[in-house]
Amino acid sequence: MQRPATEEIPDKPGSYQFRDRYGQIIYVGKAKSLRKRVTNYFTKGHHGRTGEMMLVAESVDWIVTDTEVESLM
């Protein structure tokens with residue numbers, strides 16, 4: 001999976017969804033800062049489930065919210 005450009009990722013709260021090659025959601029997360037959280041997935045050295053997910057992931061999408069609490073809904 002190609003990393004999205006840092007400036008493309010909003011520095012706002014929200015949820016993010018990793019998708020596989022078929023477009024199926026394989027992981028959903030929430031963040032106070034989408035930019036900080038999503039870019040963290042593209043660092044090297046992930047093990048276990050996170051490492052496996054990054055091998056399968058083909059894309060990542062996000063939904064910006066006003067607060068972190070809203071991202072849970």
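Look at (i) 12.4; (ii) 13.3; (iii) 14.4: the one that is Kirkwood radius over Cα pairs in Å derived from this structure is (i). The trypsin sites (Lys or Arg not before Pro) found in the chain that occupy coil by DSSP, while having at most 11 further C-beta atoms within 10 Å, are R21, K44.
Just need the relative contact order of the chain here, percent rounded to a whole number, with Cα pairs under 8 Å and 6+ apart.
Once divided by the residue count of the chain, the mean separation gives 44 percent.
Applying the Karplus relation 6.51 cos²θ - 1.76 cosθ + 1.60 with θ = phi - 60° to the range 20-32 yields 3J(HN,Hα) values of 8, 5, 8, x, 6, 6, 10, 7, 10, x, 10, 7, 6 Hz, where x marks Gly and Pro.
Computed in the context of the full set of protein chains, the accessible area of the chain at 1.4 Å probe radius has 49% of its extent on carbon or sulfur.
Loop-located GluC sites (Glu not before Pro) in the chain (DSSP state other than H, G, I, E, B) with a sparse environment of at most 14 neighbouring Cβ atoms within 10 Å: E58. Estimated from helical segments only, the mean residue ellipticity of the chain at 222 nm is -7000 deg cm²/dmol, where each DSSP H run of four or more residues counts as -39500 (n - 2.57).
Any idea of the accessible area per residue across the chain, 1.4 Å probe, to the nearest Å²? Before the final figure, lay out each step's value.
Working: 5120 Å² over 73 residues.
For the chain, the per-residue accessible area is 70 Å².
The values are calculated or read from the model by the stated rules, or taken from the named source; none is laboratory data. All values derive from a computational prediction rather than experimental measurement. Methodologically, a virtual Cβ is constructed for each residue, glycine included, from the backbone with ideal geometry; neighbour enumeration extends over all protein chains shown. Keep in mind that these areas ignore ligands, DNA and RNA; they rest on the heavy atoms of the full protein, side chains included. Shrake-Rupley method; radii C 1.70, N 1.55, O 1.52, S 1.80 Å.
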